[in-house]
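Trainee: First the structure, which I've put down as structure tokens, then a few questions once you've had a look.
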Number of protein chains: 2
Amino acid sequence: MALTAKAPAACTARSVKVGSRTATVMRVAAVEKPTNWTENYIKEVPVSLLRPGVDTEDTIRAKFEKVIRDAQDSICAAISEIDGKPFHQDAWTREDGGGGITRVLADGNVWEKAGVNVSVVYGSMPPEAYRAATGTAPADLEKAKAAGGRVPFFAAGISSVMHPRNPHCPTMHFNYRFFQTEDWNGIPGQWWFGGGTDITPCYVVEEDLKHFHGTYKAVCDRHDPAYFPKFKKWCDEYFLIGHRKETRGLGGIFFDDLNDRPAEEILAFSKDAVNHVVEAYCPIIKKHMNDSFTEEQKQWQQIRRGRYVEFNLVYDRGTTFGLKTGGRIESILMSMPLTSRWEYCHEPAAGTPEAEFMDAARHPRNWV
Amino acid sequence: MALTAKAPAACTARSVKVGSRTATVMRVAAVEKPTNWTENYIKEVPVSLLRPGVDTEDTIRAKFEKVIRDAQDSICAAISEIDGKPFHQDAWTREDGGGGITRVLADGNVWEKAGVNVSVVYGSMPPEAYRAATGTAPADLEKAKAAGGRVPFFAAGISSVMHPRNPHCPTMHFNYRFFQTEDWNGIPGQWWFGGGTDITPCYVVEEDLKHFHGTYKAVCDRHDPAYFPKFKKWCDEYFLIGHRKETRGLGGIFFDDLNDRPAEEILAFSKDAVNHVVEAYCPIIKKHMNDSFTEEQKQWQQIRRGRYVEFNLVYDRGTTFGLKTGGRIESILMSMPLTSRWEYCHEPAAGTPEAEFMDAARHPRNWV
């Protein structure tokens, strides 16, 4: 008896303001898994996963790929050094170009699970993805849709989640991505950047949150003084567990659909941001990795891990999109904690550090 | 800083065949939480949660409520008797009518978590919910929509999930529900029943699966010989973890949008089905509750619990709908296991009982 996957969900486009400019959002709609989507596993990864001779070194695509490949190497090296265990790698290419490199550290000394994934995708999406385009007259858009076919796109990104063993060590997540559509039926190609780094502790330690946010404020301020306040707020809104009215973690930065200035400038910002993950996160880990902890504190961590799972499987667009459109499941779900816990009507007692955490998750704070 | 919940997702209508008849599906679309939705907690639950004097004893609504209230009582009594611990109850009414009774057994001797919930809802939905209606001309439907307003509906149901400690004892879920819209803008009210009972073991024990499915085949055959094969197949298709191409459990029955014969007949079928939960499930529990098990078998159970979470949070319509439209979170997420586990690229070794389970989940079998 054949089992077939459910139909994927479509997404819509919208506008977003950054400072005084309006960026137009080209949403990636449902992508059907092409017949040539099979992963061809490889031991040695080529210098580039891009289409050879097509996406050459001078392109934004190639420059972004170099940023994320280098970041994967440097971040994994830094994490391994602290943990004592190496990352395991699975890598693959695809017939039509693109591929991926998943690196997972499982059952480590410091981290129960840590992963850093790079992905390069050449795909196509239905024309419904184009709801509006900067500079494209609606008539041209209708004409293009009427001509039929699917819109080719390119997407590249680095994604990571790290779940430590010690409840005093925070979970950390980051993602930096670049998306570009090809010229199609008279509509010029569009592009945008997205990303962010966010922190999910179990307890409020102001010094740690000041360090983390201070690092990212400095990164942002090197590019645009409007960035940090906007991207901190966006982070608090995006990582909201809507049905619980609490955030998943305690902040960070988050941005999407960024294309309001030259691509080279946003590339430089993304590079700066991903290259400060280690500085923002590792000192906090080193500070707490040998802290003692109680069984109750461990169980509280497990409750928060349950929240992490809820957010990722119910709201996180990257996860739900990937699951429903044929992405590599084990890479996508590498973000799941090793273990998690759900208790009926769990509420920490007033005045406890756990209650303090809940207050910060229900009423996001500005740490710097 | 105020946090607002994300906008709920809408659903669509479709037709479904049962035997030679076509039932029209009225989908519940997004329901915004009304301002009078607050739960008023109560210690003693009235005999009926229906609107007094409006939904009287002779109505299908009242008869269905009695079926599910009685079933909640009898099933909780049977489970408590085996476990040794009682259920904790939270109950509430709502200003405009309706209410709920959540019963949870936490940290039991046999079950880590077991819950049986009853819910009665008076709500309203946007007219988009009406895509088609048996006997309603499209022009009448357009006219009704143009008149504006929202469509009042009634929904009642019993929902349960039970997660045992022992990996040789299966998890079990059931749900039986009745949905009815009011006459609205010239379109007559519609109604339908839905439900099912399904079993989620960690290992294939044919004798147990024959017992479970044999019990439900007998129930179905008392009402319509077409039911069992159709509802077993529907169960395998509904509880598919699409991104993994494996089922959550190993079968049961599932039906939805059933309205192709007099309501009293389908009510009798639903009553028969919910009243055979204990017979189908408890003998399997008694058989295995004192089985010895290894740490490896416990971890395998935890991996399967992770799959349970994935299905519920990504695909289960009841869960995602409830979370996004203001339902009582703690009641909805009572279905989450106490603990769960995710390991990167976990695959049981060939020839093991775990591999046998995976084969049955990837290629659903007919047990009777």
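The values are calculated or read from the model by the stated rules, or taken from the named source; none is laboratory data. Quick caveat: nothing in here was measured; it's all calculated off a predicted structure. A quick note on method: Cβ atoms are made from the backbone with ideal geometry, for glycine too, and the neighbour counts reach across all protein chains shown. Only protein heavy atoms, including side chains, enter the accessible area calculation; ligands, DNA and RNA are left aside. Shrake-Rupley method; radii C 1.70, N 1.55, O 1.52, S 1.80 Å.
Trainee: Would the stretch B:131-153 turn up any residue that is among the β-branched types (Val, Ile, Thr) and surrounded by fewer than 21 Cβ atoms within 10 Å (Cβ to Cβ)?
Mentor: For the stretch B:131-153, residues among the β-branched types (Val, Ile, Thr) and surrounded by fewer than 21 Cβ atoms within 10 Å (Cβ to Cβ): present.
Trainee: Is it the case, given these coordinates, that A:PHE212 is at pLDDT 95 or above, touching a strand residue (DSSP E or B) at 6+ places or on another chain (Cβ under 6 Å) and within 11 Å of chain B (Cβ to nearest Cβ)?
Mentor: Taking the combined requirement at face value, the residue does not satisfy it.
Trainee: Within the group A:ASP257, A:ASP224, which residue is farther than 17 Å from A:ASP316 by Cα, touching a residue at least 60 places away in the same chain (Cβ under 8 Å) and not small (Gly, Ala, Ser)?
Mentor: A:ASP224
Trainee: Please state which of the following conditions A:ARG304 fails to meet, knowing it meets all the rest: (1) closer than 30 Å to A:ALA349 by Cα; (2) within 14 Å of chain B (Cβ to nearest Cβ); (3) surrounded by fewer than 20 Cβ atoms within 10 Å (Cβ to Cβ).
Mentor: It fails just one condition, (3).
Trainee: Another one. Collect the residues in the stretch B:154-163 that are modelled with pLDDT under 95 and open to solvent by less than 10 Å² (accessible area, probe 1.4 Å), keeping them in residue-number order. Give the derivation first.
Mentor: Of the residues in the stretch B:154-163, the ones modelled with pLDDT under 95 are B:154-155.
Of everything in the stretch B:154-163, just one residue is modelled with pLDDT under 95 and open to solvent by less than 10 Å² (accessible area, probe 1.4 Å), namely B:PHE154.
Trainee: Could you grab me the full set of residues in the stretch A:93-117 that are among the polar types (S, T, N, Q) and within 13 Å of chain B (Cβ to nearest Cβ)? Outline the logic, then answer.
Mentor: Taking the stretch A:93-117 as the starting set, the residues that turn out to be among the polar types (S, T, N, Q) are A:93, A:102, A:109, A:117.
Selection gives A:THR102, A:ASN117.
Trainee: Test each condition in (1) more than 14 Å from chain B (Cβ to nearest Cβ); (2) polar (S, T, N, Q); (3) over 17 Å from the mean Cα position of the chain (by Cα) for A:GLN89 and report the one that comes out false.
Mentor: Evaluating A:GLN89 over (1) more than 14 Å from chain B (Cβ to nearest Cβ); (2) polar (S, T, N, Q); (3) over 17 Å from the mean Cα position of the chain (by Cα) leaves (1) as the failure.
Trainee: Here's something else I'd like to know. Which residues, taken from the stretch A:328-357, are surrounded by 16 or more Cβ atoms within 10 Å (Cβ to Cβ) and among the aliphatic types (A, V, I, L, M)?
Mentor: A:ILE329, A:ILE332, A:LEU333, A:MET334, A:MET336, A:LEU338 - these are the residues of the stretch A:328-357 that are surrounded by 16 or more Cβ atoms within 10 Å (Cβ to Cβ) and among the aliphatic types (A, V, I, L, M).
Trainee: Given the conditions (1) facing chain B (nearest Cβ under 7 Å); (2) over 15 Å from A:GLY251 (Cβ atoms), report the number of the one that A:PRO364 does not fulfil.
Mentor: (2) is the only condition that A:PRO364 fails.
Trainee: For the stretch B:176-194, does any single residue satisfy the condition of being open to solvent by less than 50 Å² (accessible area, probe 1.4 Å), without any contact (Cβ under 8 Å) to a residue 40 or more places away in the chain, in contact with a strand residue (DSSP E or B) (Cβ under 7 Å, 6 or more places away or on another chain) and outside any loop (DSSP other than H, G, I, E, B)?
Mentor: Checking the stretch B:176-194: not a single residue is open to solvent by less than 50 Å² (accessible area, probe 1.4 Å), without any contact (Cβ under 8 Å) to a residue 40 or more places away in the chain, in contact with a strand residue (DSSP E or B) (Cβ under 7 Å, 6 or more places away or on another chain) and outside any loop (DSSP other than H, G, I, E, B).
Trainee: While we're looking at this one, here's another question. In the stretch B:310-368, what count of residues is obtained for those that are assigned to a helix (DSSP H, G or I), of a type in the set (A, V, I, L, M) and either under 25 Å from the mean Cα position of the chain (by Cα) or at positive phi (or both)? Step through it out loud before you land on a result.
Mentor: Going through the stretch B:310-368, the residues assigned to a helix (DSSP H, G or I) turn out to be B:310-314, B:317-324, B:329-335, B:353-362.
Of the ones still in play, those that are also of a type in the set (A, V, I, L, M) are B:313-314, B:323, B:329, B:332-334, B:355, B:358, B:360-361.
Among the residues that remain, those that are also either under 25 Å from the mean Cα position of the chain (by Cα) or at positive phi (or both) are: B:313-314, B:323, B:329, B:332-334, B:358, B:360-361.
Residues flagged as assigned to a helix (DSSP H, G or I), of a type in the set (A, V, I, L, M) and either under 25 Å from the mean Cα position of the chain (by Cα) or at positive phi (or both) within the stretch B:310-368 amount to 10.
Trainee: If you don't mind, there's one more thing I want to ask. For the stretch B:307-323, which residues satisfy the criterion of being among the charged types (D, E, K, R) and within 7 Å of another protein chain (Cβ to nearest Cβ)?
Mentor: Within the stretch B:307-323, the subset among the charged types (D, E, K, R) is B:307, B:310, B:316-317.
Hit for the stretch B:307-323 is B:GLU310, nothing else.
Trainee: I need a count of the residues in the stretch A:195-218 that are within 18 Å of the chain's Cα centre (by Cα) and in a helix (DSSP H, G or I).
Mentor: 3
Trainee: Now for a separate question. One residue is enough: does the stretch A:205-214 have a residue meeting the conditions open to solvent by less than 10 Å² (accessible area, probe 1.4 Å) and touching a His at 6+ places or on another chain (Cβ under 8 Å)?
Mentor: No, every residue in the stretch A:205-214 fails to be open to solvent by less than 10 Å² (accessible area, probe 1.4 Å) and touching a His at 6+ places or on another chain (Cβ under 8 Å).
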